[in-house]
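First up is the structure itself, then whatever we jot down about it.
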Amino acid sequence: MLEQAVQQENLHGIVAAIRRLRNLVLFRRDVPLARAWDIIGWWETRRVPYNLIVGGTGILTCIVVAIFAAGSIFFFDADLGSPLVGLLGILVYGVMANICFTFGWVFELVVRRAWPQQADRFATESFSLGLGVSILLTLAPAILAVVVGVFYLLSRLLHAVHK
């Protein structure tokens with residue numbers, strides 16, 4: 001019973017935090033937009049904050065992956081290949097994230113033609129959802145590094161115990 005109450009309280013806290021975030025000017029459109037250049041402008045004024053948020057998340061991911069990579073090399077003499085592959089992957093990821101960001105205003109222009117009364121809501125919802133998915137996708141290598149690192153360490157420890 002107590003555990004369920006704690007879970008419910010945590011869920012309410014998460015929902016409240018999301019509501020507070022949605023009230024930030026970054027996630028709002030206070031005035032409906034009709035002209036294509038105004039729509040593009042609304043999206044493009046959010047590109048730099050988007051890149052800073054996703055880029056900051058990427059830096060955190062790189063730090064976590066580098067720590068686990070260094071640990072793998074130091075403790076297990078693992079050969080992880082050239083770091084240039086990782087750097088190229090980061091560059092390609094950044095370009096692709098910005099291409100996907102651009103599709104936000106492209107799709108909004110299409111939605112505005114088909115469903116004009118829903119276009120402003122589409123913009124704010126798709127920006128929020130796109131940013132959230134971008135953050136999760138950017139964190140994925142760090143999460144994977146932690147999971148694989150822990151399982152690898154446990155398998156090595158269990159193997160050493162059984163010897």
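Just so it is clear, none of the values below were taken in a lab; they were calculated from the coordinates. Just so it is clear, the structure is predicted and the values come from calculations on it, not from any experiment. Virtual Cβ from ideal backbone geometry, glycine too; neighbours counted across all protein chains shown.
For the chain, what does the alpha-carbon gyration tensor say about shape, rounded, prolate or oblate, given a ≥ b ≥ c as the root eigenvalues, a/c under 1.5 as rounded, and a/b over b/c as prolate?
Numbers: a/c = 3.54, a/b = 1.71, b/c = 2.08.
Oblate shape, in that a/c is at least 1.5 and b/c is the bigger or equal ratio.
About the Cα centre, and with charges only on the beta carbon of Lys, Arg (+1) and Asp, Glu (-1), how big is the dipole of the chain? Nearest 20 debye, please. Walk me through the numbers before you get to the answer.
Numbers: 13 positive and 10 negative charges, 71 e Å.
Around 340 debye, computed over the chain.
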- Message: Of the candidates N51, N98, N23, which one comes out as most mobile in a Gaussian network treatment of the chain with C-alpha springs shorter than 10 Å?
- Response: N23
- Find how many whole Å separate the alpha carbon centroid of segment 93-125 from the alpha carbon centroid of segment 126-147. 19 Å
- Could you state the angle between the C-alpha long axis of helix 83-114 and the longest principal axis of the C-alpha atoms of the chain, as a value from 0 to 90 degrees rounded to the nearest 10? 20 degrees
- Given the options L129, L24, L137, state which has the largest fluctuation in a GNM of the chain using a 10 Å cut-off (strictly under) for Cα springs. L24
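Kindly identify segment 7-72 as rounded, prolate or oblate by the Cα gyration tensor criterion: order the square roots of the eigenvalues as a ≥ b ≥ c, call it rounded if a/c is under 1.5, otherwise compare a/b with b/c, prolate if a/b is larger, else oblate. Present the calculation step by step, with values, prior to reporting the outcome.
Values: a/c = 5.11, a/b = 1.43, b/c = 3.57.
Oblate, since a/c reaches 1.5 and b/c is not below a/b.
Please report L153, L87 as a ranked list, fewest other C-beta atoms within 10 angstrom at the top and most at the bottom. Please list the in-between numbers first.
Working: L153 15, L87 11.
Ranked by crowding around the Cβ, least crowded first: L87, L153.
Quick check on the chain: helices-only [θ] at 222 nm, where DSSP H runs of length 4 and up contribute -39,500 (n - 2.57) each and the sum goes over total residues. Nearest 500, please.
On the way: 5 runs with 136 residues, N = 163.
That comes out to -30000 deg cm²/dmol.
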